[in-house]
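Take a look at the structure below.
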Amino acid sequence: MKSINDILNRVFPNRKLRKEGIIPLYSGTLVRSNEFKKNYHHWKLSNRMETLLDFLRGHYQQCRRHGEDTFCFGIHSQQGFNGFYIQHNNQIEDYEYSYLLDYFFENAKNLNYRHYHSFEEHKEHNDRVISKEIHYLKPLISSFEPPFNQEYGNILLELESRDQVPKYIKVKVTSYAGFNYQPPGEFDELIQQLVA
């Protein structure tokens with residue numbers, strides 16, 4: 001005899017996939033509320049923002065000096081891909097992770113980049129809700145003649161949370177090699193610009 005779950009999964013095949021986290025519970029354009037925008041604006045004007053950015057700059061410099069990640073900041077680099085991440089830690093309030101994500105996004109747009117797409121996604125996995133907020137930017141095209149200026153590369157900014165608790169912010173930059181493209185800018189310079 002088949003269980004009721006087996007029957008429901010056969011009648012509604014997407015139900016099983018949704019429960020296993022393959023199909024998102026929700027996926028759509030990331031839109032900030034007016035209240036979020038107001039609070040974010042106040043945060044940017046506060047001493048707290050500068051204190052937090054100093055904290056991140058210090059950990060970034062420590063990573064560079066010692067060549068290893070700190071308890072909250074890490075750098076990753078390989079051919080065609082560079083990134084850094086900020087892990088959840090008690091020096092940053094949970095609500096500030098979304099602010100940092102948007103702050104990096106604003107700074108990237110000031111570096112000859114265009115906003116390509118922003119979205120959020122929520123999935124259920126092992127009885128937890130995994131949420132992502134993502135901003136994606138591409139370099140502005142200044143010429144259609146190769147070699148193309150790719151700035152630092154394409155920029156992906158991502159915040160992942162589990163049950164509404166931030167897990168990390170990840171900044172990922174992918175670049176192209178070959179005669180069609182100018183070499184990308186120094187990733188170290190990009191980090192300094194984002195955390196300025």
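List of remarks:
- Residue within the range 174-192 that is touching a strand residue (DSSP E or B) at 6+ places or on another chain (Cβ under 6 Å), at pLDDT 95 or above, within 26 Å of residue 63 (Cα to Cα) and open to solvent by 60 Å² or more (accessible area, probe 1.4 Å) present: no
- Tally of residues being over 18 Å from residue 103 (Cα atoms), part of a strand (DSSP E or B) and not aromatic (Phe, Trp, Tyr) across the range 168-196: 1
- Among (1) open to solvent by 50 Å² or more (accessible area, probe 1.4 Å); (2) over 23 Å from residue 111 (Cα atoms); (3) in contact with a strand residue (DSSP E or B) (Cβ under 7 Å, 6 or more places away or on another chain), the one test that residue 160 misses: (1)
- Scanning the range 109-118 for any residue that is touching a strand residue (DSSP E or B) at 6+ places or on another chain (Cβ under 8 Å) and crowded, with 17+ Cβ neighbours inside 10 Å turns up at least one such residue.
- Of the set (1) open to solvent by less than 60 Å² (accessible area, probe 1.4 Å); (2) assigned to a loop (DSSP other than H, G, I, E, B), all apply to residue 90 but (1).
- In summary, residue 14 fulfils each of the numbered conditions (1) among the polar types (S, T, N, Q); (2) open to solvent by 70 Å² or more (accessible area, probe 1.4 Å); (3) modelled with pLDDT of 85 or more with the single exception of condition (3).
- Per the listing 106, 96, 145, 133, the residue uniquely surrounded by fewer than 17 Cβ atoms within 10 Å (Cβ to Cβ), out of contact with any His (no Cβ under 6 Å at 6 or more places or on another chain) and closer than 24 Å to residue 33 by Cα is 106.
- If the condition is being open to solvent by 80 Å² or more (accessible area, probe 1.4 Å), under 30 Å from residue 126 (Cα atoms) and in a loop (DSSP other than H, G, I, E, B), then the range 26-74 contributes 31, 71.
- Listed by first and then second residue, the pairs linking a residue in the range 122-150 that is closer than 26 Å to residue 185 by Cα and of a type in the set (S, T, N, Q) to a residue that is assigned to a strand (DSSP E or B) and open to solvent by less than 60 Å² (accessible area, probe 1.4 Å), with Cβ atoms under 8 Å apart and 6 or more places separating them unless they lie on different chains, are 149/139; 150/139.
- Filtered residue count, the range 75-87, keeping only those that are modelled with pLDDT of 95 or more and either open to solvent by 70 Å² or more (accessible area, probe 1.4 Å) or in a loop (DSSP other than H, G, I, E, B) (or both): 1
The values are calculated or read from the model by the stated rules, or taken from the named source; none is laboratory data. Note that the coordinates shown come from a computational prediction; the quantities given were computed from them, not determined experimentally. Cβ coordinates were reconstructed from backbone atoms using ideal geometry, including for glycine residues, and neighbour counts include every protein chain displayed. The protein model used for the area step is the full one, side chains on, heavy atoms only, and it has no ligands, DNA or RNA in it. Shrake-Rupley method; radii C 1.70, N 1.55, O 1.52, S 1.80 Å.
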